[in-house]
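Below is one structure, written out as structure tokens; the observations come after it.
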Amino acid sequence: MDLTGTIIAVMPAQSGTSARTGNPWMSQEYVIEVPGQYPKKMVFRIFGEDRIKQFALQQGQQNVTIQFDIDAHEHNGRWFNEVRCYNVLRAVPAGQIPQPTAQAAPQGQAAPAAPFPPANAAPPQGSDDLPF
């Protein structure tokens, strides 16, 4: 899912060591506000020090699009929702294609194929009939 808005709050980063694996971890929560007649706010979390540094979200950033998943978990008989952000897109000037801030494909690999059919391709003449 995607959501575009303004980052209105940046919470302090949380970190620790996993009791199960012994590896260090870090996460940080942010609040995004979606504009409109009745603005909506949503808290989301970015997990991993590398992603926190890569996305570098700051309070007041506008036209930020977050891509996220929603998951629920149970703890002591109560259920809690968690919104996990996995990618951040920033607004770009008109005429440019937005680039995701997630890591690009390693060098030597082919770029993803163009969508089929091309968005600007006109349908052939007489194609009013369905193919089946």
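None of the figures in this text is laboratory data; all of them are computed from the coordinates on show. Keep in mind that what you see is a predicted model, and the values were worked out from it rather than measured. Neighbour counts are summed over all protein chains in view; Cβ atoms, including those assigned to glycine, are modelled from backbone coordinates with ideal geometry.
Here's a check for you: in the range 1-15, which residue that is more than 14 Å from Arg45 (Cβ to Cβ) and part of a strand (DSSP E or B) is nearest to the chain's Cα centre (by Cα)? Once the filter is applied, the top-ranked residue is Asp2. Contact map, the range 63-83: residues that are surrounded by 11 or more Cβ atoms within 10 Å (Cβ to Cβ) paired with residues that are of a type in the set (Asp, Glu), Cβ distance under 6 Å, separation 6+ or inter-chain. Pairs shown: Thr65/Asp2; Gln67/Asp2; Glu82/Asp71.
How many residues are touching an Asp or Glu at 6+ places or on another chain (Cβ under 7 Å) and polar (S, T, N, Q) if we restrict to the range 43-70? The total comes to 2. Across the range 21-53, the number of residues qualifying as of a type outside the set (A, V, I, L, M, F, W, C) and in contact with a Gly (Cβ under 9 Å, 6 or more places away or on another chain) comes to 7.
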